[in-house]
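A.B. asks: Below is a structure I'd like to ask you about.
The values are calculated or read from the model by the stated rules, or taken from the named source; none is laboratory data. Keep in mind that this is a model prediction, so the values were computed, not measured. Cβ atoms come from the backbone with ideal geometry, glycine included; neighbour counts cover every protein chain shown. When the accessible area is computed, the model is the full protein with side chains, heavy atoms only, and any ligands, DNA or RNA have been set aside. Shrake-Rupley method; radii C 1.70, N 1.55, O 1.52, S 1.80 Å.
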Amino acid sequence: MSATGAGPRGRIASPTPAAIAEASALLRAGDIVGMPTETVYGLAADALDPAAVKKIFAAKGRPADHPLIVHLPSAEHLPQWAATIPKDVLALARAFWPGPLTLILKRTPEVPDEVTGGQDTVGLRVPAHPVALALLRAFDGGLAAPSANRFGRISPTTAAHVHEELGERVAMILDGGACEVGIESTILDFSRDVPEILRPGAIGPEDIARVIGRLPRVRGEAQPAVDETAAGQGRADLAGAGGKGAAPPAATDAAPRVSGALAAHYAPRTPLRLVEPALLVDEAVALAGEGSRVAVLAHSTSDPADARLTWRTLPAEPATYAQGLYASLRALDAVGADFILIEALPGGPGWRAVADRLGRAAVGSGSAEAGA
Ligand code: TXA
Ligand code: MG
C-alpha cells in the first residue's frame, strides 16, 4: 500500500499502522482526516497549515471566525503553542492529559489566525484515545480538530457517523470504535485572571479544584458562595447544575467566542422537548393519540410498550448516559418522528455536562438552520 491515496476518499479505515501512516501523510500533504478521540470524533488538519485549516471550515460549513482546538501528542509540545504556561496549567496537564480537558491559553505568534479565529488565545488538549495518540505521534505536531459534524448538528461518536456527516469531504476516517466519553471535552479558560469553564464536560469544576486548590467559574451559572477555606476541598455547592429542562446558558459578547456556547447547537432535525418523568408516558401517548409519530429518550421511566412509540432508554447514570447520548439522538432523529421527547434529567453536578447538551439540543432542534 502506498503512503497516500491508497483508497477512495471518505473511506473508513481500521487503524492499522499502515492506515495511521497514511493518515499522517495525508495531513502532511494538507488534507483533512476523521480522527477518533475519547470524547467525540474530530476532523483533523495540520494546525500550522492555514490552507488545510480552511478545509475544515469548508467541510463543516462552519463560520471561519470560530476557533479550533489544537490536539497535541503530549504536554511537552505546550511551549510551541502557549505563550505563558502557569504552574496550575502544568498541574492540570499532569492530572488530566491525555484526557477530556481543553485548556485555553495565550497563544504564541506561530499559531495561525485561522486556528484561533483571530483571538490571542488557543485551545489545547492531549486526547486519550490510542488511535488519536498514535496519529499525533506519527504526525509529530499539532492537529486542529473540531467535532467531525456539519456545523450545528449532533457530534459523531462513531466512524459511521463521521461518514454520514462528511462523506467524501474528508480524505479518510480512522475507525476507533465508539467514543468512550461521548460528549465533548471540558473547556477551561486559563487565559484570564480567573479560570472559567466555558463548556462543561466529563471533568467537572470539583475535579479541577482538587488540582489547583480553587473552584473555577462556570460560564452561565450562578457562582457558588465559596468559603475560601473550603476551596480545594471540592465541597462548594454549585448552583444551576441540574437538568429539569433548565435553559442553556446564553453566549456572552465580552468573553471568548465558543461555538458550543451558541444556544442552538448539537441539534437533531426533529423538534425536541424535555419532559418531566411523571408526565413522560402521558404526553407521549397523548401525542401519539393525535396521530403524531413520537420518539422518546428515557432513563428512569419504563417503556410502556406502546407500538406507536419509538422508545429508547439510557442508563440513569451520567457517564454512561453521556456515552450513549449522541448516538441515541441520531437514531431517534432518523426515525422521522414529529417529536422527540426527552425525559428531564435528575439535578446535581454529575449531570451538568449532559444537561448542557440537552438544553442546547432542545433550543436548536427542528430547524435546518440550527446552530447557524
Ligand atoms: O472533545 C472535544 O473537545 C472535541 C474533540 C474532537 O477533541 N472537539 C470539539 O471541537 O468539540 P469543537 O470545535 O466542536 O468545539 C471546540 C470549542 C468551540 O466551541 C470553540 O469555540 C472553542 O472550543 N474554542 C476553541 N478555541 C478557543 C479559544 N481560543 N477561546 C475560546 N474558545 C475556544
Ligand atoms: Mg462541535
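A.B. asks: Ignoring ligands, DNA and RNA, what percent of the accessible area of the chain is carbon or sulfur (1.4 Å)?
C.D. replies: Carbon with sulfur: 53 percent of the solvent-accessible area.
A.B. asks: Further question on the same structure: Just order 286-294, 209-217, 354-362, 167-175 by mean Cβ neighbour count inside 10 Å, highest at the front, would you?
C.D. replies: The most tightly packed comes first, giving 354-362, 167-175, 209-217, 286-294.
A.B. asks: Now a separate question. Could you pull out every residue, at least 5 positions away or on a different chain, whose amide H is within less than 5 Å of the one on Thr102? Hs are placed 1.01 Å off N in the peptide plane, and Pro or chain starts have none.
C.D. replies: Thr186, Ile187, Leu188
A.B. asks: Given q = 0.13 Å⁻¹, what are the Debye log10 I(q)/I(0) values for the stretch 1-71, with equal point scatterers placed on the Cα positions and solvent ignored?
C.D. replies: These q points yield log10 I(q)/I(0) values of -0.38.
A.B. asks: A follow-up question, please. Averaged per residue, what accessible area in Å² does the stretch 65-148 show with a 1.4 Å probe, protein chains only?
C.D. replies: Computed with neighbouring chains in place, this is 35 Å² per residue.
A.B. asks: Per the Kirkwood formula on distinct C-alpha pairs, the Rh of the chain is how many angstrom?
C.D. replies: Here the Kirkwood hydrodynamic radius works out to 21.0 Å.
A.B. asks: So, with +1 on the Cβ of K and R and -1 on the Cβ of D and E, and no other charges, what is the size of the charge dipole of the stretch 23-177 about its Cα centre, to the nearest 20 debye?
C.D. replies: Charge dipole, the stretch 23-177, about its Cα centre: 200 debye, nearest 20.
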